[in-house]
Each structure stands twice: as structure tokens, then as C-alpha cells.
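The values are calculated or read from the model by the stated rules, or taken from the named source; none is laboratory data. Computed from a predicted structure; not experimentally measured. In this analysis, Cβ positions are derived from the backbone assuming ideal geometry, glycine residues included, and neighbour counts consider all displayed protein chains.
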Amino acid sequence: MHFLSFTPILLLQLTNLPVLHAAKWTYTGQEGQQYWSKHYPYCGGSFQSPIDIESELLRFDPTLGPVEVQNYDLSSDEQLTLGNNGHSVQLSLPHKMYISSLPHRYTAAQLHLHWGSTSKPAGSEHLVNSQQYAAELHVVHFNSDKYPNMSMAVDKSDGLAVLGVLIEVGEFNPAFEHFLKFINDVKYSDQRVQIPGFNIRALLPVRLDEYFRYDGSLTTPPCYPSVLWTVFRNHVTISHKQFLALATTLYSSHTQDSTAVPLNSNFRKPQPADSRVVLVSFKEADESWINTGLLVPILVGSALGVVLIMSLICCLIRQKRAGPRQDKNKGAGYNIGEKDEYGSRV
Ligand SMILES: *[C@@H]1O[C@H](CO)[C@@H](O)[C@H](O)[C@H]1NC(C)=O
């Protein structure tokens with residue numbers, strides 16, 4: 001298994017470190033991400049997330065089957081807690097939801113989002129070939145075969161599995177509306193509201209068989225390298241209005257604070273891939289050359305080829321018209337052959 005092959009080393013490292021005390025952190029400014037490692041040493045360590053998922057890092061793995069999730073279709077009778085934790089909007093998930101397609105059962109704990117701002121809409125954490133999307137959904141699960149709850153699993157190298165969904169602005173998404181319509185009730189940090197359950201599966205892309213898989217970390221302090229990441233290849237959309245609701249409604253400050261601090265652009269910058277590979281569950285013809293500098297040379301080459309073939313046809317027609325003279329000059333066929341060979345080399 002490629003899956004967390006570094007387990008023994010990390011388990012040692014994680015258990016030997018002192019308990020970390022909570023410190024406030026932000027995405028920009030005095031406590032911004034470049035300073036996270038001062039209070040949270042793992043943030044400056046290895047196996048950090050997110051990453052830019054670039055073609056050079058990819059390796060097809062034929063053993064990666066479709067992601068399978070169980071009991072994601074929640075009844076509206078079930079109450080979920082939607083909250084603002086000052087860093088994101090988070091929805092608690094019942095423990096009956098789990099991922100069944102990994103070597104251990106990974107039980108759902110919560111989902112949350114990362115997003116951009118109205119002036120800079122790009123706010124996903126993972127990038128694909130350096131492209132950043134408008135937002136990203138993380139559905140967080142813990143290894144319930146080995147750990148009793150999220151807090152016991154969060155710092156273990158095989159503790160967590162997160163499903164990442166890249167979000168673009170486009171069509172209205174009715175599934176996201178199930179919780180976005182309540183975000184006015186959690187404008188300020190530490191506010192909560194109970195909302196009816198809905199089908200969580202509908203937040204994921206239709207295809208769960210195409211994804212990127214790698215070993216990484218929490219994308220927020222304390223940045224434990226405890227996450228088996230699955231980032232789906234296919235994106236989902238939310239409407240411009242839905243994106244605006246996300247980007248303009250929430251504050252990272254508390255109700256009673258004198259200055260309201262907007263909660264947006266809550267994404268961590270891509271981290272070094274180092275020696276990591278990203279496993280890919282899908283294989284297909286590489287069409288990336290279309291977007292590279294190869295396109296123009298290929299078009300010019302083809303155009304030259306067409307011109308050569310045209311001139312050859314012209315030559316042939318002329319020789320035919322020349323009639324009897326052609327018989328005397330059989331060598332013409334040989335000359336044409338030479339040109340043909342040259343033409344094919346272009
Ligand atoms: C998690 O499990 C441990 C060990 O059983 C327990 O001590 C702790 O109180 C639990 N934490 C929560 C938040 O339930």
C-alpha cells in the first residue's frame with residue numbers, strides 16, 4: 001500500500017511532542033500563515049497541505065477504486081449544527097456517515113469550506129496545474145477502526161481522511177443551498193444554529209471514481225500531517241449569488257467586538273510537494289499539449305505539409321497534361337518520390 005507508508009516514524013514524532021496550547025491564528029497579518037509555525041511547529045514541517053496538483057507529480061494507480069460513502073443521505077428530521085468558528089463555516093456530521101472504500105472505516109465528523117473574496121474570487125486550497133478555483137469543500141472523517149473520536153485521531157498519521165471538492169462559480173447548486181440559506185444566523189464567530197439534515201452526497205461531484213490521492217496535513221493550525229487526501233477531479237458549481245453569500249456574510253470577529261472583521265480568503269497557500277507523488281485513479285489520453293507551446297508548431301507543420309501535398313498534386317497533373325513527353329522522362333517519378341520523402345519529414 002502506498003497509503004501512509006511513513007506511519008511508524010510519524011507516530012513516534014507525534015507522540016514525543018509536547019501538548020500545544022491554543023493560540024489565535026489568521027490567514028493574513030500579524031498571525032498570518034507565514035507565522036503559523038512559530039506557535040504550531042507542524043505547519044513548518046513536512047507532508048503539508050494543500051499542494052498544487054501538477055502533472056509532474058502524478059502517477060496512475062490501477063488499484064484506486066471509486067470512493068464509496070455510506071449513509072450520506074440524511075433525513076430532514078435529523079438536526080445538524082451549523083457554526084462559525086472564526087475561520088470557516090462548519091457543519092457537524094453524524095457518526096453514521098462513513099467512507100467504506102479505504103483500508104479502515106473513516107467516520108464523518110464535519111464539513112467546512114474555504115473561499116475567496118468578491119475582489120479576488122479564487123479561494124480553493126488545492127490547485128490543479130496551478131489553477132485555483134473559487135472555493136473548496138472539505139468533508140472530514142476520522143479512522144474509527146483505530147480511534148474513538150476526532151480529537152484522538154487528529155494528530156495520528158493514519159488518523160484522518162478528507163474528501164476535497166473544487167468549486168467553480170456557475171450554475172446554482174440546490175444542495176449547497178441547504179446550509180447556505182442559514183449562514184445569516186451564524187454571521188459572527190462562535191454562533192451556531194440547528195438545521196435540518198439533507199443529502200450530503202449531493203455536495204460531491206457526480207463521479208466519485210476520478211480523484212487525486214496523496215498524504216498530507218490539516219490545512220489549518222496545528223497542521224498535523226494526519227490526512228489521507230482525496231481531491232476529486234471533477235468540480236461542482238455554485239451560483240454567483242451563492243458565492244457572494246459565502247464571501248460577504250460572515251465575520252471572523254465576535255458579535256460584541258468593536259470592529260467586524262470579514263471572513264473571506266480563508267485559504268492556505270500551496271505547500272512544497274517535496275518527495276511526494278500524487279496517485280491518480282484515472283488514466284486517459286494526455287491532451288495537455290493543446291494548452292502548451294506545442295500547438296503552434298504542430299499547426300504550422302500541418303500547414304506546410306498541406307502546401308507540399310498540394311504542390312505535388314499540381315506537379316502530377318501538369319505531367320499528365322504534358323502527355324507523350326512523360327514517357328520519355330520516367331525519372332520524374334523518382335524525383336516526385338524524393339520530394340514526397342522530404343515532405344513527410346516536415
Ligand atoms: C475522545 O476519546 C478519549 C479516549 O476515549 C476521551 O478521553 C475523550 O474525552 C474523547 N473526546 C471527546 C471530545 O469525546
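Within segment 179-187, does at least one residue satisfy the condition of being buried (at least 19 other Cβ atoms within 10 Å of the Cβ) and touching a Phe, Trp or Tyr at 6+ places or on another chain (Cβ under 6 Å)? No. Remark: R268 matches the filter, which requires a residue to be in contact with a Cys (Cβ under 9 Å, 6 or more places away or on another chain) and at pLDDT 95 or above. Taking segment 118-155 as the range and being assigned to a strand (DSSP E or B), away from the ligand (no atom under 16 Å from the Cβ) and either surrounded by fewer than 17 Cβ atoms within 10 Å (Cβ to Cβ) or of a type in the set (A, V, I, L, M) (or both) as the test, the residues that pass are L127, V128, Q131, A135, L137, V139.
Scanning segment 110-141 for residues being over 17 Å from G216 (Cβ atoms), small (G, A, S) and touching a His at 6+ places or on another chain (Cβ under 8 Å) gives a total of 2. Report whether or not H178 is out of contact with any Cys (no Cβ under 9 Å at 6 or more places or on another chain) and either within 21 Å of K269 (Cβ to Cβ) or in a loop (DSSP other than H, G, I, E, B) (or both). So H178 fails the test. Summed over segment 194-230, the residues that are assigned to a strand (DSSP E or B), touching a strand residue (DSSP E or B) at 6+ places or on another chain (Cβ under 6 Å) and of a type outside the set (A, V, I, L, M) give a count of 9. Would you mind stating whether L163 is touching a Pro at 6+ places or on another chain (Cβ under 6 Å), more than 16 Å from the ligand (Cβ to nearest atom) and either in a loop (DSSP other than H, G, I, E, B) or assigned by TED's automatic domain parsing to the domain that holds N84 (or both)? Answer is no for this residue.
Here G170 meets each of (1) small (G, A, S); (2) within 16 Å of the ligand (Cβ to nearest atom); (3) farther than 14 Å from V227 by Cα with one exception, condition (2).
Can you confirm whether S37 is assigned by TED's automatic domain parsing to the domain that holds S100 and either within 15 Å of V278 (Cβ to Cβ) or part of a strand (DSSP E or B) (or both)? Against the criterion (assigned by TED's automatic domain parsing to the domain that holds S100 and either within 15 Å of V278 (Cβ to Cβ) or part of a strand (DSSP E or B) (or both)), S37 does not qualify.
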